[in-house]
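Below: one structure, written as structure tokens.
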Amino acid sequence: QVQLVESGGGLVQAGGSLRLSCAASGRIFSINAMGWYRQALGKQRELVASINSAGTANYADSVKGRFGIARDNAKNTVYLQMNSLKPEDTAVYYCNANVDAIARTRDSYWGQGTQVTVSS
């Protein structure tokens, strides 16, 4: 019913930047909170940043001052701008959206994940 498609991952050197995008499609009435999570090898998935429908953003302490989250409601898209990347940022990044569907159901959806690798 709803799909999230991510793009923008890749390999960068420490100190570089990447911009991740996640576009939602399907029978969507509205999107509430959206966020980005990441999961490194051998570790649990963790919240990186989130943004609610009013535009209020929250960040993990490890990325504050380096990452920025934004959304374009007209395009049902959320972005994650990642600057000053560190090797510890290496992970698979997943977007998440809390969606009210046209069918009047509310569910949380996940993107397929995009690999971010930061070399030293």
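The values are calculated or read from the model by the stated rules, or taken from the named source; none is laboratory data. Values in this document were obtained by computation on a predicted structure and should not be read as measured data. Note that we place each Cβ from the backbone using ideal geometry, even for glycine, and neighbour counts take in every protein chain shown. These area figures cover heavy atoms from the full protein model, side chains too; ligands, DNA and RNA do not enter into them. Shrake-Rupley method; radii C 1.70, N 1.55, O 1.52, S 1.80 Å.
Annotation: per residue accessible area for segment 1-58 equals 55 Å², rounded to a whole number [probe 1.4 Å, protein chains only].
Can you tell me which lysines have their Cα less than 19 Å from the Cα of K43? Leave out same-chain residues fewer than eight positions away. The reachable lysines, counting only those whose Cα sits under 19 Å from K43, are K86.
Can you pull the one-decimal nm distance between simple spin-label points at S84 and R45, each 7 Å off the Cα toward Cβ? Rounded to a tenth, the inter-label distance reads 2.8 nm. Taking Lys and Arg as +1 and Asp and Glu as -1, the other residues whose beta-carbon sits under 11 Å from that of Y94 total 0.
Note on exposure: S53, S119 ranked by accessible area (1.4 Å probe, complete protein assembly) read S53, S119, with the most exposed listed first. Expressed per residue, the C-alpha convex hull volume of segment 1-81 stands at 112 Å³. You can think of it this way: the chain between S53 and S119 has 20.3 nm of extra reach, that is 0.36 nm per residue less the Cα-Cα gap.
By accessible area, using a 1.4 Å probe on protein heavy atoms only, the chain has 48% of its surface on carbon and sulfur. Summing charges over neighbours of S62, with a neighbour being any other residue whose Cβ is under 11 Å away from its Cβ, gives 0 when K and R count +1 and D and E count -1. Run the numbers on the chain and let me know its relative contact order in percent, using alpha-carbon pairs under 8 Å that are six or more apart. About 36 percent, as a whole number.
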